[in-house]
Amino acid sequence: MAQILRAELNNAEGFESPIVNNDNTKNLCLVSPVPDICKNDPCMLGIDEAGRGPVLGPMVYGICYCPLDYEAELKVLGAVDSKSIDDKKREEMFGKLCEHPDQVGWAVEVISPTTISNDMLRRSKISLNELSHNSAINLVKRALEDGVNVKEVYVDTVGPPEKYQDKLSKIFPNIKVTVAKKADAIYPVVSAASICAKVCRDKAVSNWKFKENIEIVGDAWGSGYPGDPATKKFLQANLDPVFGFPQLVRFSWSTAEKITDEKCAPFEWSDDEEDGAVAKTASIQSFFSPANSTKQSIQLSHKFFTERKMKRCTDMF
């Protein structure tokens, strides 16, 4: 399981250093201090993500919370869907949220490309939807553990909104949960969460440190989305025929898999053969059955048995 780091932040500049200095193979959790008023007054909490679709970089989940009667103030601050404004406006809005630490709190989880790839390619696969759900649920749980008096949760849906809402309502039975499509454009508290997530993802990608000694100038990888020509060019130019892509790339994306299949050295997973061997392993009862099987004789002639001068036992008394 990836290590999750935790950093207490109280200003818009402070969050950048933990992201820049983070080990990019591990998840990183950043949280603001909890306003005292949010521990006493009933609060609303919004959840949204950034970077779900790209083949490059982390996926970031964010939450933002405030007292129920502070929603109108979020609108005044300019909380809107992060996709509808440019980078500069997003950073300005994030700065405004951080300028109100007595009313507004937030947290993000930066889910590394390594975690995404490992979970989606492991034997017991974890889908991107499940990864997303787990991150959102854990962020709410952390807010509750930190003492936030959460009474309402608003979520931009992943998958069918009805099923997701039912799932969250069962986990948090004392909280009113609303899951909706385009929630980041409907509820200001989700818009604020969207801005927190997007700003942190942008910082993580733009400050990425390549351990593979790759020299990259500016944002040569483009937007990170599979259809972007600049992203495709980056993938083609930064592929090792044995070790594959740098850690910035999500190996589990079909775009990356196609390129590795075409250009990397062919390989076979050894555990496929091991699975077959396990299926053919004799049961322990076979060692006590009559010695009339060639297969059993072969088993008993193994060096393990001969070195210990072990013989077949068919009669216990």
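Laboratory data are not the source of any read-out in this text; all were calculated from the coordinates shown. Only a predicted model underlies this, so the values are computations on that prediction, with no experimental measurement involved. Methodologically, a virtual Cβ is constructed for each residue, glycine included, from the backbone with ideal geometry; neighbour enumeration extends over all protein chains shown.
Annotations
- FRET efficiency for E212 and K311, using Cβ-Cβ distance with R0 set to 51 Å, rounded to 0.05: 0.35
- DSSP-loop chymotrypsin sites (Phe, Trp or Tyr not before Pro) across region 142-230, with at most 16 other Cβ within 10 angstrom: F210
- Calculated FRET value between K233 and N118, using beta carbons and R₀ = 22 Å, to 0.05: 0.25
- Summing charges over neighbours of K176, with a neighbour being any other residue whose Cβ is under 10 Å away from its Cβ, gives 0 when K and R count +1 and D and E count -1.
- Potential lengthening of the chain between K39 and E16 amounts to 5.6 nm, from the contour at 0.36 nm per residue minus the alpha-carbon distance.
- Around N118: net Lys/Arg minus Asp/Glu count, Cβ-Cβ under 14 Å: +3
- Charge dipole magnitude, Cβ of K and R +1, D and E -1 - region 66-132, Cα centre, debye nearest 20: 500
- At full extension, D261 and D86 could sit 59.4 nm farther apart than now, given 0.36 nm per residue minus the alpha carbon distance.
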